[in-house]
Amino acid sequence: MDPIAEVKMYEDSGDLLPLMVGGPGPDTLQNCKEIFTKATASVLETETDPTQAFRYADEQGDQEYRDQLAKFLSNEYKDIVTSSELMVTAGATQGLHFLASLLFHKHKVAFVEDPTYYAAHTMLRYDLEMKVVPVPTDADGIDTNVLDKLLSEHRPKSFTVTPEQPFWAMIYVIPVFNNPAGQCYSKERCCDLVRHARQHDILVVAEDIYNLVYYGENIPKRLLAYDNKSHPDYMGNVVSNCTFSKILAPGLRLGWLEAPERVLCVLKKSNVSWSAGSLNHYASKLAAAALKLGLQQKHVQTVRQIYKNRMTFMCETLRKGLPPGATFTQPQGGFFVWVKLPEAVDALHLLRMAAKKYKISFLPGFCTSPSGGYKNYVRLSISFCNQATLSKGLDAFCSALRDFIPGDTE
């Protein structure tokens, strides 16, 4: 069996304690029934013309949704977000697919972090048949020195910037509470990345889906904030790709792009937008109502505290239970703890044993690596299991690891 397919089999199994799943669990979705009941009533009972919610909408998205979202994000980010730079999507995965398929073509280059979100690099490589080029990372983010050399090596000699084709390649990054590593890019690395994108005519797609799930006093700046319009070299080289899946409900299938005009112009003129109008229009009306009523704002504060407590609990449990040679750094936000195991440990082999004997699942590091590396790493998730189930799963994981290491390293 293909190793990625095998891991997905473990992820989909209902018989295992899921330390692998990176979405909200049943307990953090409890409030959604009340939120959507009130939002639905607001849309259907207080709107002047409620049938508007069932029609095609403007290609960029419902104006009230974008206005309410811009207000919400400006308050959360402590930065100005304008509704004219927002576009409705059906979530972050669809947003990435939309950008990659419309702005680029088969065999075009996609530079990606190594490691990165496993479904993203496989989608770009296999679904869209792009040329995926891994770029190593360190504690500050993607290695821009290596990236600079790779950009020069891969840039086609004949490329000329046009309104229809403003970029020759894309860079996919998760700069805030990275999946799987959990770290945030440093200010210096963000500035370097934006500078390289401008110099080399590259689009940087920043997946900003964990930004609001922070555990400290201050939210980290999103990468797009470093692509400052007042800079003399500004052209618009960064897109922020976001979703409500982590801060409300994944079943809503709703997200947004925050993007410069030259990117939005291409997206709005696409045949997809022309045919369907705004994606997921009804869901965006519900989200607008939830924002207008203050329900989303209250919910994100609630789940942020829940996840903060779980992250603290997971890291405290791992410090006590991990055997010597296994290390991690506690993230200050997001859903994941990135555990480095001894070099001799193959995390896929560990997963096979742990699923069979200890009834748990987790993500082996090789799935996150477009170069096939990180075989002795494991990604653990805090998001899906409540604390009681998380406790059982972590105890089982530590026991499995202690059980596995002696036989594997002798």
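Checking the condition modelled with pLDDT under 95 and under 18 Å from ILE80 (Cα atoms), which residue from ASN228, ASN237 passes?
Going through ASN228, ASN237 in turn, the sole match is ASN228.
Surrounded by fewer than 21 Cβ atoms within 10 Å (Cβ to Cβ), in contact with a helix residue (DSSP H, G or I) (Cβ under 8 Å, 6 or more places away or on another chain) and either small (Gly, Ala, Ser) or under 24 Å from PRO250 (Cβ atoms) (or both): does that describe ASP62?
Spelling it out, it is not the case that ASP62 is surrounded by fewer than 21 Cβ atoms within 10 Å (Cβ to Cβ), in contact with a helix residue (DSSP H, G or I) (Cβ under 8 Å, 6 or more places away or on another chain) and either small (Gly, Ala, Ser) or under 24 Å from PRO250 (Cβ atoms) (or both).
If I go through segment 191-224 residue by residue, how many of them are out of contact with any Ser or Thr (no Cβ under 9 Å at 6 or more places or on another chain), under 22 Å from LEU124 (Cβ atoms) and of a type in the set (A, V, I, L, M, F, W, C)?
Matching residues across segment 191-224 total 5.
If you go through segment 225-284 one residue at a time, how many are closer than 21 Å to VAL43 by Cβ and either in a loop (DSSP other than H, G, I, E, B) or not assigned by TED's automatic domain parsing to the domain that holds VAL213 (or both)?
So the answer is 11.
From the set of residues in segment 26-59 that are of a type in the set (D, E, K, R) and outside any helix (DSSP H, G or I), which is surrounded by the most Cβ atoms within 10 Å (Cβ to Cβ)?
GLU59
Within segment 240-251, restricting attention to residues that are in contact (Cβ under 8 Å) with a residue 60 or more places away in the chain and over 13 Å from the mean Cα position of the chain (by Cα), which residue is surrounded by the fewest Cβ atoms within 10 Å (Cβ to Cβ)?
That would be ALA249.
Could you please tell me which pairs satisfy a Cβ distance under 9 Å, a separation of 6+ or placement on different chains, a first residue in segment 74-85 that is surrounded by fewer than 14 Cβ atoms within 10 Å (Cβ to Cβ), and a second residue that is part of a helix (DSSP H, G or I) and acidic (Asp, Glu)?
SER84/GLU261
Tell me which residues, restricted to segment 61-89, are assigned to a loop (DSSP other than H, G, I, E, B) and more than 15 Å from LYS268 (Cα to Cα).
LYS78, ASP79, ILE80, VAL81, THR82
Do we find a residue being more than 16 Å from the chain's Cα centre (by Cα), within 30 Å of ASP58 (Cβ to Cβ) and of a type in the set (Val, Ile, Thr) anywhere in segment 156-173?
yes
Which numbered condition in (1) assigned by TED's automatic domain parsing to the domain that holds ASP346; (2) buried (at least 22 other Cβ atoms within 10 Å of the Cβ) is the only one that LYS8 fails?
Only one criterion in (1) assigned by TED's automatic domain parsing to the domain that holds ASP346; (2) buried (at least 22 other Cβ atoms within 10 Å of the Cβ) is unmet by LYS8, namely (2).
Looking at (1) out of contact with any strand residue (DSSP E or B) (no Cβ under 8 Å at 6 or more places or on another chain); (2) crowded, with 18+ Cβ neighbours inside 10 Å; (3) farther than 30 Å from SER278 by Cα; (4) not basic (Lys, Arg), find the lone condition where ASP15 falls short.
Checking ASP15 against (1) out of contact with any strand residue (DSSP E or B) (no Cβ under 8 Å at 6 or more places or on another chain); (2) crowded, with 18+ Cβ neighbours inside 10 Å; (3) farther than 30 Å from SER278 by Cα; (4) not basic (Lys, Arg), the one that fails is (2).
Rundown of residues vs (1) within 13 Å of VAL378 (Cβ to Cβ); (2) without any contact (Cβ under 8 Å) to a residue 60 or more places away in the chain, yes/no style:
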position	(1), (2)
CYS315	no, yes
GLY321	no, no
PHE335	no, no
LEU351	yes, no
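Of all residues in segment 332-354, which are surrounded by 22 or more Cβ atoms within 10 Å (Cβ to Cβ), over 15 Å from TYR118 (Cβ atoms) and over 18 Å from the mean Cα position of the chain (by Cα)?
Residues satisfying the conditions are VAL339, LEU341, LEU350, ALA354.
What is the number of the single condition among (1) in a helix (DSSP H, G or I); (2) within 25 Å of PHE98 (Cα to Cα); (3) free of Cβ contacts under 8 Å to residues at least 60 places away in the same chain; (4) out of contact with any Pro (no Cβ under 7 Å at 6 or more places or on another chain) that GLU188 does not meet?
(2)
Hey, does segment 285-302 have a residue that's outside any helix (DSSP H, G or I) and crowded, with 17+ Cβ neighbours inside 10 Å?
Scanning segment 285-302 turns up no residue that is outside any helix (DSSP H, G or I) and crowded, with 17+ Cβ neighbours inside 10 Å.
The values are calculated or read from the model by the stated rules, or taken from the named source; none is laboratory data. What you see is a predicted model; the values in this text were computed from it and never measured. Counting neighbours? That spans all protein chains shown, and the Cβs are built from the backbone with ideal geometry, glycine included.
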